[in-house]
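Have a look at the structure below before the remarks.
The values are calculated or read from the model by the stated rules, or taken from the named source; none is laboratory data. Keep in mind that this is a model prediction, so the values were computed, not measured. Using ideal geometry, Cβ is built from the backbone for each residue, glycine included, and neighbour counts are taken over all protein chains shown.
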Amino acid sequence: MLDLYNNKYDRTTLKANIYSVKLIDILKTQTIDVSFAAKYILNKKYQLHTDDNISIPIVLIYQPHINKNELIELLKHYDTDDDSVDDFETVSEKNF
């Protein structure tokens, strides 16, 4: 399990562990790019925890380096299946 509050992780590691952490914890502790915010943090498909009801304003609070207009543009043109990881059931079966 990732220790988000004590370590920094790269995009690949965060993506590989997307179902085992809360997205809000990634948002609060890691430095992410606008693409990661659009594809994962704001993607309802990965918001499994009640704490993960994340909106654009919340992203901008915790990631002030992200440009709001760029994020909105990415969201307009992003198909959630373009860069998806396996579904939760498939991932959970691999880990057992």
*Looking at (1) part of a helix (DSSP H, G or I); (2) closer than 20 Å to ASP10 by Cβ; (3) at pLDDT below 70, can you tell me which one TYR40 breaks?*
(3)
*Scan of the stretch 9-37 for residues that are of a type in the set (A, V, I, L, M, F, W, C) and in a helix (DSSP H, G or I), ordered by number*: LEU14, ALA16, LEU23, ILE24, ILE26, LEU27, VAL34, PHE36, ALA37
*Please indicate, with yes or no, whether at least one residue in the stretch 76-95 is in a helix (DSSP H, G or I), modelled with pLDDT of 95 or more and among the hydrophobic types (A, V, I, L, M, F, W, C).*
no
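Conditions tested, residue by residue: (1) loosely packed, with under 14 Cβ neighbours inside 10 Å; (2) over 10 Å from the mean Cα position of the chain (by Cα).
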site	(1), (2)
ILE24	no, no
THR31	yes, yes
PHE36	no, no
ILE41	no, no
THR50	yes, yes
ASN53	yes, yes
LEU60	no, yes
ASN67	yes, yes
*Determine, yes or no, whether ILE72 is crowded, with 16+ Cβ neighbours inside 10 Å and either modelled with pLDDT of 95 or more or of a type outside the set (Ser, Thr, Tyr) (or both).*
no
*Would you check which residues across the stretch 43-59 are in a helix (DSSP H, G or I) and either free of Cβ contacts under 8 Å to residues at least 12 places away in the same chain or among the basic types (Lys, Arg) (or both) and list them?*
LYS44, LYS45, THR50, PRO57
*asked:* Looking only at the stretch 59-82, count every residue that is more than 20 Å from LYS15 (Cβ to Cβ) and of a type in the set (A, V, I, L, M) and tell me the total.
replied: 3
